[in-house]
1. Taking the condition under 11 Å from the mean Cα position of the chain (by Cα) and without any contact (Cβ under 8 Å) to a residue 40 or more places away in the chain, does SER39 pass?
2. Restricting to segment 116-148, count the residues that are touching a Ser or Thr at 6+ places or on another chain (Cβ under 7 Å) and of a type in the set (D, E, K, R).
3. Being under 22 Å from CYS21 (Cβ atoms) and either among the hydrophobic types (A, V, I, L, M, F, W, C) or touching a Phe, Trp or Tyr at 6+ places or on another chain (Cβ under 6 Å) (or both) narrows it down to one residue among GLY146, GLY80, GLY128, GLY89; which is it?
4. Please find, within segment 136-157, the residue that is farthest from TYR90 (Cα to Cα) out of those that are among the aliphatic types (A, V, I, L, M) and more than 18 Å from the chain's Cα centre (by Cα).
5. Residues in segment 95-116: is at least one more than 16 Å from the chain's Cα centre (by Cα), at negative phi, β-branched (Val, Ile, Thr) and modelled with pLDDT of 90 or more?
Amino acid sequence: MTPTMDQRCPCGSQLTLDKCCGRHHHGEPAPTPEALMRSRYAAFVLGLNDYLLATWHPTTRPVELAPDPETEWKSLSIVGAKPPLDNTGYVHFNACFYGRGRAQKGWHVLAEVSRFVKEQQRWWYIDGTPTLTRLKPRRNDPCLCGSGRKLKVCCGE
């Protein structure tokens, strides 16, 4: 996906991409663990794997991160973000997605408590404790993308 800076940010902030996560994608350090987590979610949505690797702490970063065209990220909700303590921060979030592959076909929610550390005047993603739950929304349920429309007329087409 090629992002345009005047589109709404995928992180759900209601701001445009250039005023929200796009500025972090272009080099401005994220000021908090929550801002970094939101920008990383937006990077997953937009397929910005270089940004994901660049914000991953070198001690836990994978060598490469393959694109995942089978996953369509739909929405992000922050469950809780603890104020950083001793240069360590935690963010608990839920991210809904639709999987198009055989192994994960259908709707899911990824819940994770992510751990971040501040070093060299910037926040880094260290790791997280994820859980994956399969969802079974009905056609008349609200869409999982957060649009407020029914699933059947939004992402469930």
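1. Working: under 11 Å from the mean Cα position of the chain (by Cα): yes; without any contact (Cβ under 8 Å) to a residue 40 or more places away in the chain: yes.
So SER39 passes the test.
2. Residues that pass the stated criteria total 1.
3. On the way: GLY146 fails: either among the hydrophobic types (A, V, I, L, M, F, W, C) or touching a Phe, Trp or Tyr at 6+ places or on another chain (Cβ under 6 Å) (or both); GLY80 fails: either among the hydrophobic types (A, V, I, L, M, F, W, C) or touching a Phe, Trp or Tyr at 6+ places or on another chain (Cβ under 6 Å) (or both); GLY128 fails: either among the hydrophobic types (A, V, I, L, M, F, W, C) or touching a Phe, Trp or Tyr at 6+ places or on another chain (Cβ under 6 Å) (or both).
Exactly one residue qualifies, and that residue is GLY89.
4. So in segment 136-157, the residues among the aliphatic types (A, V, I, L, M) come out as 144, 151, 153.
Going one step further and asking which of them are more than 18 Å from the chain's Cα centre (by Cα), we end up with 151, 153.
Values: LEU151: 32, VAL153: 36 Å.
That would be VAL153.
5. Looking through segment 95-116, none of the residues is more than 16 Å from the chain's Cα centre (by Cα), at negative phi, β-branched (Val, Ile, Thr) and modelled with pLDDT of 90 or more.
Quick grid of which residues meet (1) among the basic types (Lys, Arg); (2) within 25 Å of GLN120 (Cβ to Cβ); (3) at pLDDT 95 or above; (4) in contact with a strand residue (DSSP E or B) (Cβ under 6 Å, 6 or more places away or on another chain):
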{"site": "CYS20", "(1), (2), (3), (4)": "no, yes, yes, no"}
{"site": "ALA30", "(1), (2), (3), (4)": "no, yes, yes, yes"}
{"site": "SER39", "(1), (2), (3), (4)": "no, yes, yes, no"}
{"site": "PHE44", "(1), (2), (3), (4)": "no, yes, yes, yes"}
{"site": "LEU53", "(1), (2), (3), (4)": "no, yes, yes, no"}
{"site": "THR71", "(1), (2), (3), (4)": "no, no, no, yes"}
{"site": "LEU76", "(1), (2), (3), (4)": "no, no, yes, yes"}
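Residues checked against (1) surrounded by fewer than 21 Cβ atoms within 10 Å (Cβ to Cβ); (2) assigned to a helix (DSSP H, G or I):
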position	(1), (2)
GLY12	yes, no
ARG23	yes, yes
PRO31	yes, no
ARG38	no, yes
VAL45	no, yes
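The values are calculated or read from the model by the stated rules, or taken from the named source; none is laboratory data. Quantities reported herein were computed from a predicted structural model and do not represent experimental measurements. Here the Cβ is made from the backbone with ideal geometry for all residues, glycine too, and neighbour counts use every protein chain on show.
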